[in-house]
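For reference, the structure discussed in these notes is given below.
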Amino acid sequence: MGKSSVAEKTANGVAEVVEETTVEAVAAPVMTVVKSEIKEEPRKLTLDERIQRVEDLTMLIDRWRTLNESRRKLQTFNIGADTMSSVLMLKDAAGNEFKTSNSPVIASVIDEMKRTLDSKVREIENQISF
């Protein structure tokens, strides 16, 4: 910081000495953090853990194949224009049956089945990782 004197003329012509003060800006120190480049290696899996991962992956792949096969079969399924050419039959564990040959009902059931299968296939695909 320094001071300097400057002479200024006033309105009545008299020179007046005015002191000016100089202000210096002080920059704050900048801190930088340096990360150490030490790479931690992942824990090595035991043989049992690796076998379990392979079995889990095999099970997911089998499920994915089954879902894809069901989806392909639904895509090739054709609903006839007449009301008697296609029949939808549901049967529960107790042996109760439900049958319909109503084409719009069958079409909406098939559409819902396709959406569900597509969702399940995407879900399984997201779970399959190495």
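Electrostatic bookkeeping for L90 treats Lys and Arg as +1 and Asp and Glu as -1; over the other residues with beta carbon under 12 Å from its beta carbon, the sum is 0.
So if each residue of separation counts as 0.36 nm, and I subtract the Cα-Cα distance between E41 and E125, what length gain in nm does that give?
The span from E41 to E125 would gain 27.5 nm if fully extended.
Hull volume per residue, based on the alpha-carbon atoms of segment 47-127 and their convex hull, is 103 Å³.
Would you mind classifying segment 87-130 by shape? Square roots of the alpha carbon gyration tensor eigenvalues, ordered a ≥ b ≥ c; an a/c under 1.5 is rounded, otherwise it is prolate if a/b is larger than b/c and oblate if not. Taking the square roots of the gyration eigenvalues as a ≥ b ≥ c, segment 87-130 is oblate. On the basis of the beta-carbon distance and an R0 of 30 Å, Q75 and I51 show a calculated FRET efficiency of 0.25. Annotation for D92 and R63: the two label points, set 7 Å from Cα along the Cα-Cβ direction, are 2.6 nm apart.
No value in this document is a laboratory result; all are computed from the given coordinates. Since the structure is predicted, the reported quantities are computational estimates derived from the model, not experimental observations. Please note: Cβ atoms are built from the backbone with ideal geometry, for glycine as well, and neighbour counts cover all protein chains shown.
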